[in-house]
Amino acid sequence: MTAHVTDSVVYRHLWSTPELHAVFDDAGRTQAWLDVLAALAEAQAAVGLVPAPAAEAIRAHARVELLDLDEVAAGTRASGHSTLGLIRCLRALLPASASEWVYYGATVQDVTDTWFALVMRRVLDVVERDLARCEAAALDLADRHRDTLMSGRTHGQPGLPITFGFKAAVWASELARHRERAAQARPRLEVVQLGGGLGTMEFWGDDALDLLDAFAARLGLGVPDVPWITARDRVAEFATLLAMVTATLGKIGNEIYELQRPELGELGEPFTPGQVGSITMPHKRNPELAEHLDTLGRVVRSNAGLAVEGMVALHERDGRGWKAEWLLLPESSLLTGAALGFAARLLEGLQVYPARMRANFDAQRGYPLSEPVMRLLAARIGKHAAHEAVYAAAMAGLDSGDDLAAALRAAGLVGPSGVSEDELTQALDPARALGAATAFVDRVLRRAGRAAPDAPAPGSA
């Protein structure tokens with residue numbers, strides 16, 4: 001029986017990945033803690049604090065398969081201490097000559113915060129890898145649909161034309177910035193914690209700083225300038241980074257969710273034969289991937305707020321925010337991993353319907369091209385006067401059911417005192433109203449190291 005969906009045999013595929021689940025389950029977490037304890041003993045042996053044979057014995061026995069996790073759990077409950085059950089079980093495996101050197105001078109946060117650093121490193125490996133996969137899929141869409149005309153929309157309503165490639169390029173650029181953020185965050189996040197009771201390393205005397213360096217080196221982590229027992233900004237930054245990643249994925253999901261509505265029908269997420277949308281309405285194909293991205297992101301964003309709350313810590317140790325991190329850090333990591341996997345599937349298998357995009361644009365009867373008309377008039381009567389004139393004509397045309405061209409003619413804006421018929425025809429050509437959309441696609445492709453098309457932008461000479 002399980003109490004959390006990330007552990008559910010039935011549902012965990014929606015909320016985690018096997019790869020990351022193995023990092024956070026009891027066996028994975030306990031092995032990581034044992035690795036930290038072994039590295040600490042080896043570092044202490046290197047600086048002369050612990051006998052080398054004792055460190056070797058600790059390393060040889062620091063294997064989760066040698067432990068009875070039920071016994072570890074019972075010891076944890078009996079002691080009321082986060083790691084004492086584990087320490088006692090490990091000591092029971094060791095020869096007497098080594099058992100007194102386990103956890104020598106360390107405290108619980110030295111183990112768990114160093115584990116946090118290891119976890120953040122491992123999760124960022126996954127995040128960077130899967131962000132690159134999502135970015136590559138978005139770049140493919142941008143490249144293939146560089147010139148695929150569609151309605152741009154503001155406030156949910158049709159505006160100027162864009163290309164679908166432009167929309168996908170915006171996605172790709174944002175995903176790339178998250179990879180940059182992850183890389184930039186690593187030196188701040190991937191650092192050991194070793195401070196003893198209050199962070200001063202008093203127990204280890206003159207060997208303290210050498211021990212800190214040796215401990216970090218054995219784990220491949222950085223050395224902090226000062227222990228971070230109550231400085232929880234690292235965890236808050238990590239949680240916030242995951243929140244930003246999943247927010248971008250949720251934005252992309254919501255966009256695809258909207259554009260695949262049958263009323264629009266411009267996109268479609270990949271469909272697997274046998275997938276059921278409704279147990280009561282057999283015809284339905286629900287946007288399962290797109291919708292779930294938003295669900296996952298909402299929880300991760302909520303956890304980021306909780307992580308920031310943990311930064312408000314008291315004195316030299318405060319268990320309240322730190323213990324909340326035990327819940328939010330694994331959960332956010334698992335949900336982010338799941339979201340990245342779903343987003344990659346969605347983008348790689350996305351169905352794009354250019355004919356429907358063009359039909360939806362044409363159905364607006366020219367009104368999304370009011371700006372090019374206004375720009376022509378602005379050269380004759382000034383920008384603000386041109387806006388007022390085109391606005392009045394457009395509002396009247398929408399009320400009467402006329403298209404924009406007819407509305408402009410009815411308002412006297414076409415002819416000797418306005419724009420010519422030839423100018424109107426050019427202004428109402430959506431390919432001439434794309435601005436720098438395709439040039440921006442090319443820039444994003446080049447930034448990613450892809451060869452951009454050599455074709456001129458639509459409407460260019």
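The values are calculated or read from the model by the stated rules, or taken from the named source; none is laboratory data. Just so it is clear, the model here is predicted, and its values are computed rather than measured. Using ideal geometry, Cβ is built from the backbone for each residue, glycine included, and neighbour counts are taken over all protein chains shown.
Do we find that Leu264 is at negative phi and crowded, with 18+ Cβ neighbours inside 10 Å in this structure?
No.
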Determine whether Gln31 is closer than 30 Å to Ile58 by Cα and free of Cβ contacts under 8 Å to residues at least 40 places away in the same chain. yes
For the stretch 31-52, state whether one or more residues are surrounded by fewer than 14 Cβ atoms within 10 Å (Cβ to Cβ), modelled with pLDDT of 95 or more, over 36 Å from the mean Cα position of the chain (by Cα) and outside the structural domain of Pro227 (by TED's automatic domain parsing). yes
Among the residues listed as Leu67, Leu90, Leu124, Leu131, the single one being under 22 Å from Gly197 (Cβ atoms) and either of a type outside the set (Asp, Glu) or within 39 Å of the chain's Cα centre (by Cα) (or both): Leu90
Residue count, the stretch 347-395 (criterion: small (Gly, Ala, Ser) and surrounded by fewer than 14 Cβ atoms within 10 Å (Cβ to Cβ)): 7
Considering residues that are under 17 Å from Asp25 (Cβ atoms) and surrounded by 14 or more Cβ atoms within 10 Å (Cβ to Cβ), the number found within the stretch 60-81 is 7
Does Ala359 meet the test of being part of a helix (DSSP H, G or I), among the aliphatic types (A, V, I, L, M) and within 37 Å of the chain's Cα centre (by Cα)? yes
What residue, of Leu398, Leu346, Leu404, is within 43 Å of the chain's Cα centre (by Cα) and within 24 Å of Lys167 (Cα to Cα)? Leu346
Does the stretch 196-241 hold any residues that are farther than 17 Å from Val312 by Cα and of a type in the set (Lys, Arg), and which are they? Arg218
Would you point out the residue of the stretch 1-30, among those that are among the aromatic types (Phe, Trp, Tyr) and crowded, with 19+ Cβ neighbours inside 10 Å, that is nearest to Phe116 (Cα to Cα)? Phe24
